[in-house]
Amino acid sequence: MSVQSGALAIAKKEHNFWRQLWRQRQLVVLSLPVLMVIVFSYVPLWGWLVAFFDYKPTSGMNVFKNDFAGFKYFIELFNDSYFWRGLKNSLGIGVLKIIFSYVFSLMLAVMINEVRINWFKRTVQTISYLPHFVSWVVAANLVFVTLSPDSGIVNELLLKLGIIDSPISFMGKPNLFWLIVALTEVWKNSGYSAIVYLSAMTSIDPSLYESADIDGAGRISKIFNITLPSIIPTIKILLVLSIGRLLSVGFEQVYVLKSPSTTETATTLEVYIYDFALKYAQYSKGSAMSIFNSLVSIVLIVGCNLLARRMDGEGIM
Amino acid sequence: MTAKLVSKDKPKLGLLSTKTENIIFDTINTILLILVCVVTLYPFLNTVAISFNDSTDAVYGGIYLWPRVFSTKSYETILFKSSDIPYSAMISALRAISGTLLSIPLSMMLAFVMSRKDFVLKSAVTKIVLFTMYVSGGLIPTFLTYRAYGLMNNFLVYILPTAISAFNVLVMRSFIEGLPYELIESAKIDGASEYRILFQIIFPLSMPVIATIGLFVCVSQWNQWFDTMLYCSSKKGLVTLQYKLKQILDSANSMTGDAVAADAAASSASEGSGRVTTQTIRAAMTVISVVPIACVYPFLQKYFVKGMTLGAVKG
């Protein structure tokens, strides 16, 4: 009896669903762009199958025409020392970039927040956004000129100050590459990332500052005791989000900044996929690397989200 | 708020009065911020100076904020001596404009249906869009798929795959959710169709967010070079300005910074154009590709600051 009425309820609900859908057909039509998302973002996931077959380019989208290879390409990958080098570079650059961009954009936000003269504040902000809007190709051009050993301003300053005796070719030094990537990221995006912190700071209750004033607190103690603690939730959300993207360390940036002499430290996983797998048509192995990359990202995102939830009872997703 | 306040009985540092501390703090802060601005702007201004300098003279270096021997030869070479660079700038502009015109209505449509709590497919559509933020096919699977679609050496590869981005849609959705729902309800009572509600009521009210996303899409289209390298490098007619710049950067770097070699390469590369080195040409091209952006973004500042904040809080 109850089973029957349950089935009936489900049937009715289903009936309702279709009726509802028909009534909202105009909204369904407006949802059609989702097909484009499927075609351009989901269908490529089909390409993951390529990693499990001896893929030949002539077979096009019909992966099953190729011989099944199982995990052959994954095993090949894990025995490939270049793959591990790529992973090491990706992780190194990723971690360094997160640390640097965090510290600097937070510092910049605090500094801008402390400015009392409005026109100066606006000018600083406008200027600091500029590099964010230029491409990495342009940025790399500027970086190469600025750090050039011929007449780059950095070398000239260091020479004048007597810190170095002869010009350093910064962009050609493998052991400096990670640092240069992190610093150029700071130069390009700190101002823009500071926006989020600044807006979080504007929502701090002004009465907190007033009572601190009465207590005779100085500017620096107010920064550390009021401003920073108040925006911890924002800091945490952004940290979790950026850890999730750890392995996608900005292909374009690394690709335009690297040069033949920095191959050893500049070949991240993504660069390796492009330079090796795509150029030499090693599609199966390249796809295996893409899958690995995606899996690590998912694990990192889920892990960080769990961690954030553990810390304060609420996740971010 | 969990902020700890400085407790009353804590002795003051005594050395400085609050006023003096304020002055010192403000001075140091201002100096540091001016330094930030200098570091940010210097590379740009330096490049502008180099681009306006005579090219043989530029080889000797030592140009900082002002050209030593003024010349507009590099710009003349780029703009008039060959049609290559103006043409690729046109391709870039074309993709920026058509990409934005395509992306805005499509994203708004999705944002609109995702904001409608009464829509039966709301959560399905939202999930499909959101998932793309976290997982992507990766370089090679995507490349193989788009190639199978016939997008190689096709202008559409510039604008179709990037038309809908989950982040942009989310920002738009939070904006639409902030509009009073009564607007939609009363329009419905008046018998307006959903299309009319979206395009004649929601659209005009969403101009701030449309300006923001429009700027994002337009700038990122103008700045793209990687998809050109990946999909369209073999078709000369589809090469974008940024990709040209990338090629010139590559050729300059392979000269290992040797000024003489670069000079020789330049004069052999641009025969007849006389004494123009890659250095000043590169600078002039950089300037040309930055100027449109630098002219536009300050005016849209208040919009994108708002848009960024929305996206970060709700996303």
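For region A:264-290, give me the residue count where each residue is aromatic (Phe, Trp, Tyr), within 7 Å of chain B (Cβ to nearest Cβ) and either on the phi > 0 side of the Ramachandran plot or within 22 Å of the chain's Cα centre (by Cα) (or both).
Qualifying residue count, region A:264-290: 1.
Under 8 Å between Cβ atoms, which residue pairs at least 6 apart in sequence (or on different chains) link something in region B:142-161 that is within 11 Å of chain A (Cβ to nearest Cβ) with a partner that is in a loop (DSSP other than H, G, I, E, B) and buried (at least 23 other Cβ atoms within 10 Å of the Cβ)?
B:Thr145/B:Gly137
To keep it simple, each residue is scored yes or no on (1) within 26 Å of A:Ile98 (Cβ to Cβ); (2) of a type in the set (Lys, Arg); (3) assigned by TED's automatic domain parsing to the domain that holds A:Thr267; (4) surrounded by 19 or more Cβ atoms within 10 Å (Cβ to Cβ).
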position: A:Lys160; (1), (2), (3), (4): no, yes, yes, no
position: A:Leu179; (1), (2), (3), (4): yes, no, yes, no
position: A:Ala194; (1), (2), (3), (4): yes, no, yes, yes
position: A:Ile214; (1), (2), (3), (4): no, no, yes, no
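If you check every pair at least six apart or on different chains, which have Cβ atoms under 7 Å apart with a residue in region A:190-202 that is more than 9 Å from chain B (Cβ to nearest Cβ) first and a residue that is not in a helix (DSSP H, G or I) second?
Filtered contacts from region A:190-202: A:Tyr197/A:Ile231; A:Met201/A:Ile231.
Of all residues in region B:121-136, count the ones that are within 18 Å of A:Gly244 (Cβ to Cβ) and of a type in the set (Ser, Thr, Tyr).
Of region B:121-136, the ones within 18 Å of A:Gly244 (Cβ to Cβ) are B:127, B:129-136.
Those left that are additionally of a type in the set (Ser, Thr, Tyr): B:132, B:134, B:136.
Of the residues in region B:121-136, 3 are within 18 Å of A:Gly244 (Cβ to Cβ) and of a type in the set (Ser, Thr, Tyr).
Taking region A:112-130, which residues are closer than 16 Å to B:Ala294 by Cα and within 8 Å of another protein chain (Cβ to nearest Cβ)? If you could, list the steps in order and put the result at the bottom.
Step one: list which residues in region A:112-130 are closer than 16 Å to B:Ala294 by Cα, which gives A:122-130.
A:Thr123, A:Val124, A:Gln125, A:Thr126, A:Ile127, A:Ser128, A:Tyr129, A:Leu130, listed by residue number.
Of the residues that make up region A:52-61, is at least one part of a helix (DSSP H, G or I) and at pLDDT 85 or above?
Within region A:52-61, one or more residues are part of a helix (DSSP H, G or I) and at pLDDT 85 or above.
Is there any pair with a first residue in region A:270-291 that is more than 22 Å from B:Tyr134 (Cβ to Cβ) and a second that is aromatic (Phe, Trp, Tyr) and in a loop (DSSP other than H, G, I, E, B) whose Cβ atoms are under 8 Å apart and which are 6 or more apart or on different chains, and what are they?
Close Cβ pairs satisfying both conditions: A:Tyr283/A:Tyr55; A:Ser284/A:Tyr55.
State all residues of region A:27-56 that are more than 8 Å from chain B (Cβ to nearest Cβ) and in contact with a Lys or Arg (Cβ under 9 Å, 6 or more places away or on another chain); if no residue qualifies, say none.
A:Ala51, A:Phe52, A:Phe53, A:Asp54, A:Lys56
Could you tell me which residue of region B:55-91 is farthest from B:Ala283 (Cα to Cα), considering only residues that are touching a Lys or Arg at 6+ places or on another chain (Cβ under 7 Å) and polar (S, T, N, Q)?
Ranking the qualifying residues of region B:55-91, first place goes to B:Ser88.
Take the conditions surrounded by fewer than 21 Cβ atoms within 10 Å (Cβ to Cβ) and at negative phi and apply them to A:Val137. Does it pass?
Numbers: surrounded by fewer than 21 Cβ atoms within 10 Å (Cβ to Cβ): no; at negative phi: yes.
The answer is no for A:Val137.
Scanning for something surrounded by fewer than 17 Cβ atoms within 10 Å (Cβ to Cβ) and closer than 27 Å to B:Thr162 by Cα, does region A:62-76 turn up at least one residue?
Yes, the conditions are met somewhere in region A:62-76.
Restricting the search to region A:83-119, which residues are closer than 18 Å to A:Leu198 by Cα and exposed (fewer than 15 other Cβ atoms within 10 Å of the Cβ)?
A:Val103, A:Arg116, A:Ile117, A:Asn118, A:Trp119, listed by residue number.
Mind checking which residues of region B:157-190 are out of contact with any Phe, Trp or Tyr (no Cβ under 9 Å at 6 or more places or on another chain) and over 24 Å from B:Leu130 (Cβ atoms)?
B:Pro180, B:Glu182, B:Leu183, B:Glu185, B:Ser186, B:Ala187, B:Lys188, B:Ile189, B:Asp190
Go through A:Ser248, A:Ser211, A:Ser221, A:Ser261 for me and flag whichever is under 28 Å from the mean Cα position of the chain (by Cα) and part of a helix (DSSP H, G or I).
After applying the criteria, what remains is A:Ser261.
So which of B:Tyr87, B:Tyr64 is aromatic (Phe, Trp, Tyr) and at the interface with another protein chain (Cβ under 8 Å from one of its Cβ atoms)?
Matching residue, one of B:Tyr87, B:Tyr64: B:Tyr64.
Tell me, which residue of region B:50-70 that is in a helix (DSSP H, G or I) and in contact (Cβ under 8 Å) with a residue 60 or more places away in the chain is surrounded by the fewest Cβ atoms within 10 Å (Cβ to Cβ)?
Step one: filter region B:50-70 for residues in a helix (DSSP H, G or I), giving B:50-51, B:55-58.
Among the residues that remain, those that are also in contact (Cβ under 8 Å) with a residue 60 or more places away in the chain are: B:50-51, B:55-56, B:58.
Numbers: B:Ile50: 25, B:Ser51: 26, B:Ser55: 27, B:Thr56: 17, B:Ala58: 27.
This residue is B:Thr56.
For A:Lys88, which of the numbered conditions (1) under 20 Å from the mean Cα position of the chain (by Cα); (2) not in a helix (DSSP H, G or I) fails to hold?
(2)
Restricting attention to region A:89-111, which residues are facing chain B (nearest Cβ under 7 Å) and either touching a His at 6+ places or on another chain (Cβ under 8 Å) or farther than 26 Å from A:Val254 by Cβ (or both)?
A:Met111
Which of (1) more than 30 Å from A:Leu77 (Cα to Cα); (2) surrounded by 15 or more Cβ atoms within 10 Å (Cβ to Cβ) does A:Pro206 not meet, given it meets every other one?
It fails just one condition, (2).
If you take the residues in region A:234-245 that are part of a helix (DSSP H, G or I) and facing chain B (nearest Cβ under 10 Å), which one is nearest to A:Lys88 (Cα to Cα)?
A:Gly244
The values are calculated or read from the model by the stated rules, or taken from the named source; none is laboratory data. Owing to the predicted nature of the structure, the values given are computational and were not obtained by experimental measurement. Backbone-built Cβ (ideal geometry, glycine too); neighbour counts: all protein chains shown.
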